[in-house]
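To start, the structure under review is shown below, and the notes come after it.
The values are calculated or read from the model by the stated rules, or taken from the named source; none is laboratory data. The shown structure was predicted, so the numbers you read here are calculated from the model rather than taken from an experiment. Here Cβ is always computed from backbone atoms with ideal geometry, including for glycine, and neighbour counts include all displayed protein chains. Just so you know, the surface numbers come from the protein's heavy atoms only, side chains and all, with ligands and any DNA or RNA stripped out. Shrake-Rupley method; radii C 1.70, N 1.55, O 1.52, S 1.80 Å.
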Amino acid sequence: MNNVVIVGAGVAGVNAATKLVDNNFKGKITIIDMGLDPYRRPAADVMRGFLGAGGWSDGKLTYHTSIGGQLSKYTGDEKAMELFDQVINNFKRFHPNPDEVQCSDPQEEPDFIKPYFGLRLFPVWHVGTDYLHEIGKNWHDYLVEKGVEFIWETRVTDIDFDKNIVMYDGGWEDYDELIFGVGKSGIDFGKQLAEEYELPTEPKSVQIGVRFEAPQEHFQKLIDISYDFKLYQKFEEKGVSLRSFCTNNNAAYVAAEHTYGDVSYNGHAKKDKKYENGMTNFGILMEIRNIDKPFDWSRKAVDKLQHEGVGLFYSPSHRVPSKTSEGDYVECHVVNSIDVLYDAIGEYALHIEDFIMDLETVFPTLGKDWGIYMPEVKYLSPEPLVNYEDLSLTRFPNVHFVGDALSARGITVSGAQGTYVAEALLKIKEEYPDFIENTEF
């Protein structure tokens, strides 16, 4: 029990490694990632590299068990919150100005959004996007100092679960325990492994929509109540629900993400006043249940929302696409009609259009002063069934799935899953006393 290999240097893998080295783990820890370390990773590369996607470009840590994917299912609510605290404390620990980390905690749903929307209220820790890269450098240096070995710019090509070998371009690593936390960029690889080894899986829903953008002034009365507001609508009889997702305000920027050769959109916010642009953006994400082969369905829909290598932008008032925090226009192709969304996802697009019309009603100054970037998508491949005590595959007890590979949809849940697996590995000391030393629980 000496070698732990972590596939993916995202929030899940990094928190797992941190928990291990904090507790004097004696074995070898190797982290393999397609991206770059935080010193070389460009700000615009929001998908791959140290701290993954959310830890590099988002910086909002949700603090509730009902947000961001399933964790309480495995751990129970009390343990889930304890794991969340560990993740948040790690971000504070490596933060150059930890006092800047603040928690918003809205308490009351305002009457003016009823009956058009529900508003999900929950605490959110705001790390500050401007600090993420420095956090990444500090965190990375700590792990390297503790002996963690990183293999960068390397794609894992195969994993032999029977022989305990990870194969990648130019080499291989054997493992005693494997933590599989590939993130968004590797969801198709996880799907490939699930099919190759005929892993029992739980089907997931389609998660697709658009990134909505408008001047912040239209939403200020809601922002004053809930900074990272989560508006939602549910249509149970149709198997559809919608929610606003990842709200960014004041210094708010839309970011293009490159996945599987296609472009989709996300958003982030800056803390430094020099980046203020007076804008708000958020995803309008639709969950569609009971779609046959949801992963394949999503891929086809996204492909239809591409034009010459970029996604699409539509504004009924002919707003132009915004600029990124680097000063370049968001890469997209401008279209003159929302009909392209119907072409991609059929009549499901009507729910998104109705959601926007309800926004216009609830926020009367908004009118048509908005634009949407198409698509925003969360690829969720079928979720492998895992053992609750350590998130290991039911057929391979030394292989642990975490993060997006286990349908996490946020920084806090991903980090908590990685921490949870590391805690389980540390407990092996009771059976293998030489595995670690001086560990306290």
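Figures for the structure shown
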read-out	value
Residue selected from the stretch 368-387 under the condition open to solvent by 30 Å² or more (accessible area, probe 1.4 Å) and at pLDDT 95 or above, by the criterion nearest to PRO215 (Cα to Cα)	ASP369
Residues of the stretch 54-95 satisfying the condition of being more than 25 Å from LEU119 (Cβ to Cβ) and of a type in the set (Phe, Trp, Tyr)	TRP56, TYR74, PHE91, PHE94
Residues satisfying the stated conditions in the stretch 219-239, i.e. under 18 Å from PHE122 (Cα atoms) and either over 21 Å from the mean Cα position of the chain (by Cα) or modelled with pLDDT of 90 or more (or both)	LYS221, LEU222, ILE223, ASP224, ILE225, LEU231, TYR232, GLN233
Candidate set: the stretch 336-363, residues that are hydroxyl-bearing (Ser, Thr, Tyr) and farther than 20 Å from ILE291 by Cα; chosen: the one least open to solvent (accessible area, probe 1.4 Å)	SER337
Unique residue being under 26 Å from GLU198 (Cβ atoms) and at pLDDT below 95 when the list is LEU406, LEU391	LEU406
Qualifying residue in the stretch 313-335 (condition: among the small types (Gly, Ala, Ser), modelled with pLDDT of 95 or more and open to solvent by 40 Å² or more (accessible area, probe 1.4 Å))	yes
Single match in PHE91, PHE50, PHE25, PHE84 (criterion: closer than 14 Å to GLU134 by Cα, crowded, with 22+ Cβ neighbours inside 10 Å and in contact (Cβ under 8 Å) with a residue 60 or more places away in the chain)	PHE50
Scan of the stretch 265-278 for residues that are of a type outside the set (D, E, K, R) and touching a helix residue (DSSP H, G or I) at 6+ places or on another chain (Cβ under 6 Å), ordered by number	HIS268, ALA269, GLY278
Sole exception among (1) over 16 Å from PHE282 (Cα atoms); (2) surrounded by fewer than 19 Cβ atoms within 10 Å (Cβ to Cβ) for ASN250, by number	(1)
Given (1) open to solvent by less than 40 Å² (accessible area, probe 1.4 Å); (2) within 21 Å of PRO203 (Cβ to Cβ); (3) assigned to a strand (DSSP E or B), number of the condition GLU287 does not satisfy	(1)
Only one of VAL166, VAL210 that is modelled with pLDDT of 90 or more, within 24 Å of VAL421 (Cα to Cα) and crowded, with 22+ Cβ neighbours inside 10 Å	VAL166
Residue list for the stretch 320-344, filter: β-branched (Val, Ile, Thr) and within 28 Å of ASP45 (Cβ to Cβ)	VAL320, THR324, VAL330, VAL334, VAL335, VAL340
Subset of the stretch 136-183 [under 18 Å from ARG93 (Cβ atoms) and either in a strand (DSSP E or B) or touching a residue at least 60 places away in the same chain (Cβ under 8 Å) (or both)]	GLY136, LYS137, TRP139, HIS140, TYR142, LEU143, LYS146, VAL148
Those residues of the stretch 122-156 which are of a type in the set (S, T, N, Q) and modelled with pLDDT of 95 or more, in sequence order	ASN138, THR154
Any hit, the stretch 113-134, residues being free of Cβ contacts under 8 Å to residues at least 24 places away in the same chain, open to solvent by 50 Å² or more (accessible area, probe 1.4 Å) and either farther than 20 Å from GLY181 by Cα or of a type outside the set (S, T, N, Q) (or both)	yes
Index of the failed condition, VAL263 passing every other in (1) open to solvent by less than 10 Å² (accessible area, probe 1.4 Å); (2) among the aliphatic types (A, V, I, L, M); (3) closer than 29 Å to LEU121 by Cα	(3)
So LYS60, is it buried (at least 22 other Cβ atoms within 10 Å of the Cβ), out of contact with any helix residue (DSSP H, G or I) (no Cβ under 7 Å at 6 or more places or on another chain) and of a type in the set (D, E, K, R)	yes
Residue within the stretch 59-79 that is under 20 Å from PRO123 (Cα atoms), modelled with pLDDT under 95, among the hydroxyl-bearing types (Ser, Thr, Tyr) and in contact with an Asp or Glu (Cβ under 6 Å, 6 or more places away or on another chain) present	yes
Filtered residues of the stretch 240-284 (kept if in a strand (DSSP E or B) and either at pLDDT below 90 or among the basic types (Lys, Arg) (or both))	ARG243, PHE245, CYS246, GLU257, HIS258, THR259, HIS268, ALA269
